[in-house]
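Presented below is the structure to which this report refers.
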Amino acid sequence: MTTMVRRTVDPLVVGRVIGDVLDMFVPMVDFRVQYGTKHIFNGCEIKPSLAFERPLAQISGHPSTDNFYTIIMIDPDAPSPSEPKMKEWLHWIMVDIPQGMDASKGKEWVEYMGPKPPTGIHRYIFVLFRQKGPIAKQWQLPQARSNFSTRNFAAQNGLGLPVAAVYFNSQKEAANKKR
């Protein structure tokens, strides 16, 4: 079991997701994210134009209205990986996603914003948390997209450690030149 878990979080350690954004955690849920037909795996490259629309995010397990999840998508490299003064930039929050369903069955708390990296290679991280129940109105929403903290948001709202995470890399696309 330890070897399997270690393999699962190793890419998150190598990609500095664990450390920069998250504390060490044990993955507990199979969590899949895809843009169109492109499945996200840790460290893969996705063009911003492919990620313009909200992704399909699927949480494994038998469909259940007893277990709910929250997805947070952030960019810890905003505006530049060498000077991430706005880290973490919040791209999306979905809550009350039932187990065994895709994110569209939940509630969008922060509207999806696709990647728009101005310079350098940015990491875009999807973090999955298990909720203790349906979201109560007393949850604290972020004031702004810039300088968001996944750790603080999870602590303030009683989410604990993540149960899964996956990230991709993206960089500014070259402008199309007309001939």
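State to the nearest 20 debye the size of the charge dipole of the stretch 71-174 about its Cα centre, where the only charges are +1 on K and R beta carbons and -1 on D and E beta carbons. All intermediate terms of the calculation are to be shown ahead of the outcome.
Numbers: 12 positive and 9 negative charges, 52 e Å.
With only Lys, Arg, Asp and Glu charged at Cβ, the dipole is about 260 debye.
Axis angle, to the nearest 10 degrees, between helix 2-14 and the longest C-alpha principal axis of the chain: 40 degrees.
I need the calculated FRET efficiency for the pair residue 28 and residue 144, taking r as the beta carbon distance and R₀ as 41 Å, to the nearest 0.05. Please report the intermediate quantities before stating the final value.
Working: r = 31 Å, r/R0 = 0.75.
Computed FRET efficiency for residue 28 and residue 144: 0.85.
Rounded to the nearest whole Hz, the Karplus-based 3J(HN,Hα) values (6.51 cos²θ - 1.76 cosθ + 1.60, θ = phi - 60°) of the stretch 95-101 follow the sequence 10, 6, 8, x, 4, x, 10, with x at glycine and proline. Assuming charge only on the beta carbon of Lys and Arg (+1) and of Asp and Glu (-1), the dipole of the chain about its Cα centre is about 440 debye to the nearest 20. Taking amide H as placed 1.01 Å from N in the peptide plane, the amide H of residue 131 sits under 5 Å from that of 68, 69, 70, each at least 5 places away or on another chain.
In square angstrom, what is the accessible area per residue of the stretch 103-179 with a 1.4 angstrom probe?
On the way: 4680 Å² over 77 residues.
Ligands and nucleic acids excluded, the result is 61 Å² per residue.
How big is the convex hull of the Cα atoms of the stretch 43-179, per residue, in Å³?
Numbers: hull volume 16.4 nm³, N = 137.
Given the Cα convex hull of the stretch 43-179, per-residue volume reads 120 Å³.
Cα centroids of the stretch 128-158 and the stretch 16-49: how far apart, whole angstrom? Each part reduced to its Cα centre gives a spacing of 19 Å.
The values are calculated or read from the model by the stated rules, or taken from the named source; none is laboratory data. Bear in mind the structure is a predicted one, so any value in this text is a computation, not a measurement. Neighbour counts run over all protein chains shown; Cβ positions are idealised from the backbone, glycine included. Ligands, DNA and RNA are excluded from the accessible area calculation, which covers all protein heavy atoms including side chains. Shrake-Rupley method; radii C 1.70, N 1.55, O 1.52, S 1.80 Å.
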